[in-house]
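Below you'll find the structure, written out as C-alpha cells, and then a few comments.
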Amino acid sequence: MRRPSAPDAAPPPSPERGRPREFDIDEVTRVASRIFWEQGYHATSIEKLCQSTGLFRASLYSAFGDKHGLLIAAFDQYAEGAIARLKERLNSPGSPREALRQALLHYTRVAAKLSERHGCFITNAAIELLPADETLRSHIEATLHRIATHLAAAVVRGQRAREFNATLDEQAVSTFLLCVIQGLRVLGKINVREEDLVSVVDLTMRALV
C-alpha cells in the first residue's frame with residue numbers, strides 16, 4: 001500500500017528554484033534596455049523580454065523582481081554609460097569651449113542617425129512614465145542632475161579660460177544646456193537635417209561668449 005505523504009511535506013522544487021545564476025546579468029540588462037528603448041515600457045511584454053534575453057520568467061523575476069525592476073536596472077545602466085561618455089567628451093584636452101561644442105555636436109550626429117526614430121531612452125522614459133512613476137522619477141532626476149553638474153563644471157572651466165562670459169551663472173547655463181541636449185534628442189525622432197541641428201549648437205555656443 002502506498003504511504004500517504006506527510007501533510008506538511010514540501011513540494012518538489014521547480015526546475016528554476018535553487019538553480020545557480022548562470023547568465024551575465026549586465027548583458028541581460030543591456031538587451032532589455034534595447035527592447036525598452038525600441039518599444040517603450042508598456043508595449044514591452046514579459047514574453048518579449050524572456051525571448052530576447054533567453055531567460056525563463058522565473059529567472060527574470062528572481063534577478064530583477066519584476067518587469068519594472070528590470071526597467072530600473074536598464075535605465076541605470078544606460079544612464080551610467082551616457083554620463084561617463086559625456087564626462088569624457090567635456091574633459092577632453094584643449095579648449096574647454098571646443099570640448100563643449102564637440103560634446104553638443106555628438107548629440108546632433110546621434111539625432112540625425114536615428115533612422116528608427118526611437119529617440120533617447122532617458123527622454124522616452126520620462127515622457128512615457130512620468131509623473132505617475134515615483135520610483136523611476138528619482139532615477140531620472142538623479143541622472144539629469146549629474147548631467148547638469150558636468151555641464152556646469154564645463155562652463156566654469158570655460159570661464160576660467162576666458163572663453164565664456166564670466167558673468168554667466170553656471171547653474172542656469174547648465175540647465176539651459178540640458179534643455180538643448182534633450183531638445184536635440186527629441187528632434188532626432190523626426191526628420192530634421194543634421195545641419196539644422198548644428199545651427200542650434202552654434203547659436204548655443206554664441207550665447208555663452
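The values are calculated or read from the model by the stated rules, or taken from the named source; none is laboratory data. Since the model is a prediction, treat every value here as computed from it, not as a measurement. Don't worry about glycine lacking a Cβ; one is built from the backbone with ideal geometry, like all the others, and counts go over all protein chains shown. The area values use the complete protein model at the heavy-atom level, side chains included, leaving out ligands, DNA and RNA. Shrake-Rupley method; radii C 1.70, N 1.55, O 1.52, S 1.80 Å.
Would you confirm whether or not the stretch 111-118 contains a residue that is at pLDDT below 95, of a type outside the set (A, V, I, L, M, F, W, C) and surrounded by 15 or more Cβ atoms within 10 Å (Cβ to Cβ)?
Step one: filter the stretch 111-118 for residues at pLDDT below 95, giving 111-118.
Within this subset, residues satisfying the condition of being of a type outside the set (A, V, I, L, M, F, W, C) are 113, 115-118.
So of that shortlist, the ones also surrounded by 15 or more Cβ atoms within 10 Å (Cβ to Cβ) come out as 118.
Within the stretch 111-118 (the criterion being at pLDDT below 95, of a type outside the set (A, V, I, L, M, F, W, C) and surrounded by 15 or more Cβ atoms within 10 Å (Cβ to Cβ)), the answer is yes, since at least one residue qualifies.
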Give the number of residues within the stretch 145-184 that are open to solvent by less than 50 Å² (accessible area, probe 1.4 Å) and in a helix (DSSP H, G or I). 20
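What are the residues in the stretch 92-110 that are open to solvent by 70 Å² or more (accessible area, probe 1.4 Å) and either touching a strand residue (DSSP E or B) at 6+ places or on another chain (Cβ under 6 Å) or modelled with pLDDT of 95 or more (or both), if any?
So the first thing to find is which residues in the stretch 92-110 are open to solvent by 70 Å² or more (accessible area, probe 1.4 Å), and the list is 93, 97-98, 102, 109.
Answer for the stretch 92-110, where residues must be open to solvent by 70 Å² or more (accessible area, probe 1.4 Å) and either touching a strand residue (DSSP E or B) at 6+ places or on another chain (Cβ under 6 Å) or modelled with pLDDT of 95 or more (or both): 97, 98, 102.
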Does residue 47 meet the test of being over 29 Å from residue 200 (Cα atoms), open to solvent by 50 Å² or more (accessible area, probe 1.4 Å) and part of a helix (DSSP H, G or I)? yes
If residue 94 satisfies every condition in (1) farther than 18 Å from residue 149 by Cα; (2) part of a helix (DSSP H, G or I) but one, which is the exception? (2)
Positions within the stretch 147-169 being within 20 Å of residue 181 (Cβ to Cβ) and of a type in the set (A, V, I, L, M), in sequence order: 147, 148, 151, 152, 153, 154, 155, 156, 168
